[in-house]
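Contents: one structure, followed by commentary.
The values are calculated or read from the model by the stated rules, or taken from the named source; none is laboratory data. What you see is a predicted model; the values in this text were computed from it and never measured. Note: ideal-geometry Cβ built from the backbone for every residue, glycine included; neighbour counts use all protein chains shown.
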Amino acid sequence: MLVAIRQNRVKGTGVINRYTRPAMGAIWELENKFNIWKEIEVLACEAQAELGKSGITKEEAAWIRAHADFTVERIDEIEKVTNHDVIAFTTNMAEYIDADVPEGQEPPSRWVHYGMTSSDLGDTALSYQITQAIDIILEDIKQLGETCKRRAFEFQETLCVGRTHGIHAEPMTFGMKFGSWAWALKRAQTRMEQAREVAATGAISGAVGTYSSIDPFVEQYVCEKLGLTPDPLSTQVLARDRHAQVMCGLATVAATLESIALQVRLLQQSDVIEAEEPFTKGQKGSSAMPHKRNPITAERVCGLARVVKANAQVALDNVALWFERDISHSGTERVALADSFTALDYMFGKMQWMLDGLQTYPAKMEHNLWRTKGLIFSSKVLLALVDTGISREDAYVIVQRNAMKVWEDIQNAVDGPTYRENLEADPEANLSAEVLDEIFDPWDFLTRKDVVFDRLKELEF
């Protein structure tokens, strides 16, 4: 069983192939990590040569850049002996650097990792990987946000009932749902941009961060080349509150997608059926009940959100380390970061497919709006009665007692009077036919809806 599981995982990560899109998966493969490691080590050599204090020449730095290489397989082979991945990597890189050096000449590889710690290399590289991954998530957010905005205007004039606590509340338009999702994704964009800024930090400051064996110029040089900012004061590791902010950002974005997917699931219920996720030609529903069209994609998104949210707790637990460094965070990050980014990227792919192709049923929306026989107009009735001069408390009693009669009929599947008919028969509900006509017009609730759509026009991703 363990062998089978491993065969279904992306090389170098804990993520199964089923939920991995190529671009995101490539970021967390060992090949990419080691390529970043190589670039950092080469840049550090070039910085040392530029500085001119350690002994490395610019010619040696150029040789190192031209000859530095590695193979994942050889690193793995060496690590089985060293039990240290960074030493295994630098050893393998040295094999390539020194392979063509004339006999008797000092090996250029001696300058690799000069004055650096494993954390200098690993943490700076991880920061770069995180920025790569966040950039993909930001593009995901932009694409889905623009889809939601477009579809909001598509359904700007499509009536539906709004629900609070799962109960019919008041009329709204279906476009407002898409609009609210668009704004939620804009907040997600801002959140991940902030997380990227916090994560884009490097540290090459040596043991316990004192620069005892390495000049700060090296750190500045390497970070600038990678588009990172030097940490103003690292210990031996970058503080893990940075990574926690990233993971909490991912978790919040995942929760946003979960919220949208949950709405789709609720809308697809047989008792509602106002919208459905796409059901493609040849697709099957239940294996036992061929009539079913299950919201499996939305359910999958909701399920994967649980993984991303749970991983945020791992990141929060990683913030507290012993003194200047321990490695209790290391193993968890190798799994949780890759899994969270990969799962979230996959979720975005599914949500884009689902919302772009969401099947909607406006006639059913309007039908459902009237299923509670006019109860959704109770707030307008209340205000109209207050306008006649009676107290709000007295008006509430009139409104509610007539509403509860209708609700009881609905509970018992009785085809009784509508809410308006009950009011018309109540002598204390002193409202004219003209006033009732206005009250029981669902569009009367939406005279100011253009306010929110005008705001939505200004939304940009």
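Couple of notes before you dig in:
- Once the stretch 371-420 is narrowed to residues that are surrounded by 15 or more Cβ atoms within 10 Å (Cβ to Cβ) and of a type in the set (G, A, S), the residue that is nearest to I273 (Cα to Cα) is G374.
- Residue satisfying all of: in the stretch 399-424; β-branched (V, I, T) and assigned to a helix (DSSP H, G or I); nearest to E438 (Cα to Cα) among these: V399
- A26 vs. criteria crowded, with 21+ Cβ neighbours inside 10 Å, out of contact with any Ser or Thr (no Cβ under 7 Å at 6 or more places or on another chain) and of a type in the set (G, A, S): no
- Count of residues meeting criterion [within 28 Å of the chain's Cα centre (by Cα) and either surrounded by fewer than 24 Cβ atoms within 10 Å (Cβ to Cβ) or not β-branched (V, I, T) (or both)] in the stretch 107-129: 9
- The listed residue being in contact (Cβ under 8 Å) with a residue 24 or more places away in the chain and under 25 Å from the mean Cα position of the chain (by Cα), out of V208, V198: V198
- Count of the stretch 118-177 residues, restricted to those that are of a type in the set (D, E), over 25 Å from V253 (Cβ atoms) and assigned to a helix (DSSP H, G or I), is 1.
Yes/no per residue for (1) modelled with pLDDT under 95; (2) not hydrophobic (A, V, I, L, M, F, W, C):
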{"site": "N368", "(1), (2)": "no, yes"}
{"site": "Y419", "(1), (2)": "no, yes"}
{"site": "N430", "(1), (2)": "yes, yes"}
{"site": "E434", "(1), (2)": "no, yes"}
{"site": "L446", "(1), (2)": "no, no"}
{"site": "R455", "(1), (2)": "no, yes"}
{"site": "L459", "(1), (2)": "no, no"}
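- For the stretch 393-407, the count of residues that are in contact with a Cys (Cβ under 8 Å, 6 or more places away or on another chain), within 21 Å of H165 (Cβ to Cβ) and either among the polar types (S, T, N, Q) or at pLDDT below 95 (or both) is zero.
- Contact map, the stretch 99-119: residues that are among the acidic types (D, E) paired with residues that are modelled with pLDDT of 95 or more, Cβ distance under 8 Å, separation 6+ or inter-chain. Pairs shown: D100/H67.
- The residues of the stretch 204-244 that are surrounded by 18 or more Cβ atoms within 10 Å (Cβ to Cβ), under 29 Å from K309 (Cα atoms) and among the polar types (S, T, N, Q), listed by number, are S234, T235, Q236.
- Test for R265: is it in contact (Cβ under 8 Å) with a residue 60 or more places away in the chain and charged (D, E, K, R): no
- When V86 is tested against (1) over 16 Å from E39 (Cα atoms); (2) touching a Gly at 6+ places or on another chain (Cβ under 8 Å), just one condition goes unmet, and that condition is (1).
- If the condition is being touching a Lys or Arg at 6+ places or on another chain (Cβ under 9 Å) and assigned to a helix (DSSP H, G or I), then the stretch 28-39 contributes L30, E31, E39.
- Matching residues, the stretch 51-60, being touching a helix residue (DSSP H, G or I) at 6+ places or on another chain (Cβ under 7 Å) and either touching a residue at least 24 places away in the same chain (Cβ under 8 Å) or not in a helix (DSSP H, G or I) (or both): L51, S54, I56, T57, E60
- Set L459, L423, L431: member being within 47 Å of the chain's Cα centre (by Cα) and surrounded by 11 or more Cβ atoms within 10 Å (Cβ to Cβ): L459
- Considered as a group, the residues in the stretch 391-409 that are of a type in the set (A, V, I, L, M) and touching a helix residue (DSSP H, G or I) at 6+ places or on another chain (Cβ under 8 Å) include one that is farthest from T372 (Cα to Cα), and that residue is A395.
- The stretch 285-324: number of residues that are outside any helix (DSSP H, G or I), touching a residue at least 60 places away in the same chain (Cβ under 8 Å) and buried (at least 18 other Cβ atoms within 10 Å of the Cβ): 1
- If the condition is being more than 14 Å from R455 (Cα to Cα), in contact (Cβ under 8 Å) with a residue 40 or more places away in the chain and over 21 Å from the mean Cα position of the chain (by Cα), then the stretch 143-165 contributes F155, T158, L159, C160, V161.
- Among residues of the stretch 190-216, those that are closer than 30 Å to L344 by Cβ, in a helix (DSSP H, G or I) and either in contact with a Lys or Arg (Cβ under 7 Å, 6 or more places away or on another chain) or modelled with pLDDT under 95 (or both), counted: 2
- Inter-residue pairs, beta-carbon under 7 Å, first assigned to a loop (DSSP other than H, G, I, E, B) and in the stretch 61-87, second basic (K, R), 6+ apart: A68/K38; F70/K38
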